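Visitor: Encoded as structure tokens, here's the structure I'll be asking about.
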Amino acid sequence: MRLVECVPNFSEGQDRRVIDAIAAVIEASDGAHLLDVDPGKDTNRTVVTFVADYDSVVDAAFNAIAAASSLIDMSKHKGAHARMGATDVCPLVPVRGVTMEDCVKLANDLGKRVGEELGIAVYLYEYAAKTEERRNLASIRTGEYEGLADKLRDPRWRPDYGPATFNAKSGATVIGARQFLIAYNVNLNTRDRKLANDIALSIREAGRARRDDQGRMMKDSHGNRVMVPGALKACKAVGWYIDEYKRAQVSINLTNANVTPPAVAFEEVKRQAEKRGVRVTGSELVGLIPIEAMLHAGRHFLTLQGRSTGVPDRELIETAVQSLGLNDLSPFVPDEKIIEYRVAGVTPLVSGSVREFVDDTSLDSPVPGGGSVAALMGSLAAALSSMVANLTVGKKGYENVCEEMKSVAVKAQALKAALLSAVDEDSAAFDGVMSAMRLPKKTDEERTHRQRQIEGATKRAVAVPLKVLRLCKDLIDPIEAVAGKGNTSSISDAGVAAASLRAAASGAYLNVMINLPGLTDQEYVKETAREASEFRDTIAERSERIFDQVFAKIESQ
């Protein structure tokens, strides 16, 4: 799933009817999942957080901005927070399967729609900014709503999208792309706020003021303070005392978890605390966190322990929770705190029991069917290859292949996850074909539209098993590695993996071929059939060879 987070800020924090109406529009948007609505009375501003799939996020954000432009009158707005529009700022944040470049494109698509369809001046900021001057939100917002009319008359501040005329009711909107911000606090075994703040000054990117021998702050030739940078990039931090917890914390905002993830921040706070005779007792996550940050932490601590990181996500997350002490102040519930887990119902088949899946397959319904079963068999082949690799890591007599087996386990786990996703994707693709088939066909226009939808849905139904074939091909090397170099006590498991792989590929091939005759795009049909046949033949030949090698080893024992 390709997930994007959107955090629009609306210039209304007091009228609950307006706030609820905007939230309802987001909830009603296809593919969007409302996560949080945080109104501020004094700021007269509401921060809304939702996630949506890549193809849906622009529609959901546009719907919310349109609702705000209808419901909020900026000429009557007052509040403590800086603002220049009814929808003041609307950042798009990559969460999973989406790049920053993708979010920049989405920001431009959204900005163009808002400018053209709503007549609102739009400025792009952060990664979407077209000039360096507009990268910083504060620079764009200088003068706020009250100075916007004059600003729009300045050629240097011509909007990126929309009219360069003052919209008294809606003001202007700033749209952009930025990294996910993780709010993360590290707990200390002290009540001393000064100690916590001293640690914060040592880790934050901005650092602290350099002082001379007399303790006076040093300044450069322009009169600016000379700063000593802190240890961590993309990190803001402050120390404080929380009376509720009876302890001090280092409160951290990680503005780019790809640069400084939570595990790295935790380790640096721990190091700085030990220098001051203070101990870290655990940590606290404020708000939500992307799953990748948790998986990174799990891999980090397993690597420190010399263990394989090629384990299921749930094991990596549990390792992260325990190692970061995320249960120190209150229970950490992954389903509530990890942003991807908050999106309900994304894998209804693979989230059930084995018995439920087998029972559902046995009923008089076409889903789940052979395509889902083929993907599941592929995931089992990947699971077995990971198992053999992990049973080899740390085993006496296999020291020379330990690092290779760790890499094999990691690759196999990634393939397992992708193949498991295909179990549900295949069923969803079939449902899409059935939905297209049910479209009305009374008029020529309806028949043309229906045929176009059937063609697109059928291509999606082909794409899933074709992806399974590609994944199965990628899985050959890991299975071959564990069959040839893995723990011989588990050699039969490598053989079962090879047999399962061949069955998965054969099943996926059949599901590609059965859908091709219904397509009118003959060039696509010809190329897809050729590609699928090549995958099938390669997988069949190599998996059979692996199986025969395993069988020969077992016979010779």
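Visitor: For the range 74-85, does any single residue satisfy the condition of being aliphatic (A, V, I, L, M), in the same structural domain as residue 161 (by TED's automatic domain parsing) and closer than 17 Å to residue 290 by Cα? Even if it seems obvious, please write down each step before you answer.
Guide: Kept after step one, since they are aliphatic (A, V, I, L, M), are these residues of the range 74-85: 74, 80, 82, 84.
Narrowing further to those that are in the same structural domain as residue 161 (by TED's automatic domain parsing): 74, 80, 82, 84.
From what's left, closer than 17 Å to residue 290 by Cα: none.
Checking the range 74-85: not a single residue is aliphatic (A, V, I, L, M), in the same structural domain as residue 161 (by TED's automatic domain parsing) and closer than 17 Å to residue 290 by Cα.
Visitor: Considering 319, 361, 392, which residue is touching a helix residue (DSSP H, G or I) at 6+ places or on another chain (Cβ under 7 Å), among the polar types (S, T, N, Q), free of Cβ contacts under 8 Å to residues at least 60 places away in the same chain and surrounded by 22 or more Cβ atoms within 10 Å (Cβ to Cβ)?
Guide: Numbers: 361 fails: surrounded by 22 or more Cβ atoms within 10 Å (Cβ to Cβ); 392 fails: free of Cβ contacts under 8 Å to residues at least 60 places away in the same chain.
So the residue among 319, 361, 392 that is touching a helix residue (DSSP H, G or I) at 6+ places or on another chain (Cβ under 7 Å), among the polar types (S, T, N, Q), free of Cβ contacts under 8 Å to residues at least 60 places away in the same chain and surrounded by 22 or more Cβ atoms within 10 Å (Cβ to Cβ) is 319.
Visitor: A further question follows. Let me spell it out: the conditions are (1) under 30 Å from residue 296 (Cβ atoms); (2) touching a Lys or Arg at 6+ places or on another chain (Cβ under 9 Å), and residue 436 meets all of them except one. Which number is the exception?
Guide: The failed condition is (1).
Visitor: Still on this structure: May I ask you to list the residues in the range 351-392 that are of a type in the set (Val, Ile, Thr) and within 24 Å of residue 499 (Cβ to Cβ)?
Guide: The answer is 354, 358, 361, 373, 388, 392.
Visitor: Something else now. Could you say whether any residue in the range 294-317 is closer than 14 Å to residue 204 by Cα and either basic (Lys, Arg) or part of a helix (DSSP H, G or I) (or both)?
Guide: No, the conditions are met nowhere in the range 294-317.
Visitor: When you check residue 39 against the structure, is it buried (at least 23 other Cβ atoms within 10 Å of the Cβ) and not β-branched (Val, Ile, Thr), yes or no?
Guide: Answer is no for this residue.
Residue-by-condition table, conditions (1) surrounded by 15 or more Cβ atoms within 10 Å (Cβ to Cβ); (2) part of a helix (DSSP H, G or I); (3) not basic (Lys, Arg):
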residue: 514; (1), (2), (3): no, yes, yes
residue: 530; (1), (2), (3): no, yes, no
residue: 535; (1), (2), (3): yes, yes, yes
residue: 541; (1), (2), (3): no, yes, yes
residue: 544; (1), (2), (3): no, yes, yes
residue: 549; (1), (2), (3): yes, yes, yes
residue: 555; (1), (2), (3): no, yes, yes
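Visitor: Return the residue satisfying two criteria in turn: it lies in the range 202-211 and is more than 29 Å from residue 8 (Cα to Cα) and in a loop (DSSP other than H, G, I, E, B), and of such residues it is nearest to the chain's Cα centre (by Cα).
Guide: Step one: list which residues in the range 202-211 are more than 29 Å from residue 8 (Cα to Cα), which gives 202-203, 207-211.
If we keep only those that are in a loop (DSSP other than H, G, I, E, B) as well, we get 207, 210.
Details: 207: 30, 210: 39 Å.
Checking each candidate, the answer is 207.
Visitor: While we're here: Quick one: in the range 305-357, of everything that is at pLDDT below 85 and β-branched (Val, Ile, Thr), which residue is nearest to residue 416 (Cα to Cα)?
Guide: Taking the candidates together, the pick is 350.
Visitor: Does the range 185-201 include one or more residues that are of a type in the set (Asp, Glu), in a helix (DSSP H, G or I) and within 30 Å of residue 111 (Cα to Cα)?
Guide: Within the range 185-201, not a single residue is of a type in the set (Asp, Glu), in a helix (DSSP H, G or I) and within 30 Å of residue 111 (Cα to Cα).
Visitor: Can I ask one more? Can you say whether residue 281 is in contact (Cβ under 8 Å) with a residue 12 or more places away in the chain and in a strand (DSSP E or B), as far as the supplied structure shows?
Guide: On the way: in contact (Cβ under 8 Å) with a residue 12 or more places away in the chain: yes; in a strand (DSSP E or B): yes.
Yes; evaluated as a whole, the condition is true for this residue.
Visitor: Here is a follow-up. Taking the range 83-99 on its own, how many of its residues are buried (at least 18 other Cβ atoms within 10 Å of the Cβ) and either assigned to a helix (DSSP H, G or I) or on the phi > 0 side of the Ramachandran plot (or both)?
Guide: 0
Visitor: Here is a list: 109, 73. Which entry is surrounded by fewer than 19 Cβ atoms within 10 Å (Cβ to Cβ) and over 20 Å from residue 41 (Cβ atoms)?
Guide: After applying the criteria, what remains is 109.
Visitor: Something else about it: Would you tally the residues in the range 231-257 being touching a residue at least 40 places away in the same chain (Cβ under 8 Å), out of contact with any helix residue (DSSP H, G or I) (no Cβ under 9 Å at 6 or more places or on another chain) and within 27 Å of residue 100 (Cβ to Cβ)?
Guide: Total satisfying the criteria: 4.
Visitor: Here is a follow-up. Report yes if residue 271 is basic (Lys, Arg) and more than 14 Å from residue 187 (Cα to Cα), otherwise no. Break it down stepwise before answering.
Guide: Details: basic (Lys, Arg): yes; more than 14 Å from residue 187 (Cα to Cα): no.
No, not satisfied.
Visitor: So, one more: Check whether at least one residue in the range 240-263 is of a type in the set (Gly, Ala, Ser) and modelled with pLDDT under 90, and report yes or no.
Guide: Checked the range 240-263: no residue is of a type in the set (Gly, Ala, Ser) and modelled with pLDDT under 90.
Visitor: Turning to a different aspect of this structure: Collect the residues in the range 113-142 that are touching an Asp or Glu at 6+ places or on another chain (Cβ under 7 Å), free of Cβ contacts under 8 Å to residues at least 24 places away in the same chain and not in a helix (DSSP H, G or I), keeping them in residue-number order.
Guide: 135, the sole residue that qualifies.
Visitor: Collect the residues in the range 381-411 that are within 30 Å of residue 514 (Cβ to Cβ) and either of a type in the set (Ser, Thr, Tyr) or not in a helix (DSSP H, G or I) (or both), keeping them in residue-number order. Steps first, answer last, please.
Guide: As a first pass, look at the range 381-411 and keep what is within 30 Å of residue 514 (Cβ to Cβ): 381-385.
Of everything in the range 381-411, just one residue is within 30 Å of residue 514 (Cβ to Cβ) and either of a type in the set (Ser, Thr, Tyr) or not in a helix (DSSP H, G or I) (or both), namely 385.
Condition check ((1) over 32 Å from the mean Cα position of the chain (by Cα); (2) in the same structural domain as residue 383 (by TED's automatic domain parsing); (3) among the small types (Gly, Ala, Ser)) across all residues:
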residue: 461; (1), (2), (3): no, yes, yes
residue: 477; (1), (2), (3): no, yes, no
residue: 482; (1), (2), (3): no, yes, no
residue: 487; (1), (2), (3): yes, yes, no
residue: 508; (1), (2), (3): no, yes, yes
residue: 517; (1), (2), (3): yes, yes, no
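Visitor: Can I ask one more? Out of everything in the range 358-380 that is among the small types (Gly, Ala, Ser) and not in a helix (DSSP H, G or I), what residue ends up being farthest from residue 411 (Cα to Cα)?
Guide: Here the answer is 365.
Visitor: I'd like the residue in the range 358-367 that is modelled with pLDDT under 90 and of a type outside the set (Ser, Thr, Tyr) and, out of all such residues, is nearest to residue 429 (Cα to Cα).
Guide: 367
Visitor: So, residue 34, is that one within 15 Å of residue 176 (Cβ to Cβ) and part of a strand (DSSP E or B) or not?
Guide: no
Visitor: Search the range 394-416 for residues being within 11 Å of residue 482 (Cα to Cα) and β-branched (Val, Ile, Thr), and hand back the single one that is nearest to the chain's Cα centre (by Cα).
Guide: Taking the candidates together, the pick is 408.
Visitor: Something else about it: Within the range 69-82, take every residue that is in a helix (DSSP H, G or I) and in contact (Cβ under 8 Å) with a residue 60 or more places away in the chain and give me the one that is farthest from residue 39 (Cα to Cα).
Guide: The selected residue is 75.
Visitor: Given the conditions (1) of a type in the set (Val, Ile, Thr); (2) over 23 Å from residue 255 (Cβ atoms); (3) surrounded by 19 or more Cβ atoms within 10 Å (Cβ to Cβ), which single one is not true for residue 339?
Guide: Of (1) of a type in the set (Val, Ile, Thr); (2) over 23 Å from residue 255 (Cβ atoms); (3) surrounded by 19 or more Cβ atoms within 10 Å (Cβ to Cβ), only one is false for residue 339: (2).
Visitor: Still on this structure: Being touching a residue at least 12 places away in the same chain (Cβ under 8 Å), under 16 Å from residue 89 (Cβ atoms) and among the small types (Gly, Ala, Ser), is that true of even one residue in the range 154-168?
Guide: Yes - at least one qualifying residue is present in the range 154-168.
The values are calculated or read from the model by the stated rules, or taken from the named source; none is laboratory data. Here the structure is a predicted model, which means the values were calculated and not measured. Virtual Cβ from ideal backbone geometry, glycine too; neighbours counted across all protein chains shown.
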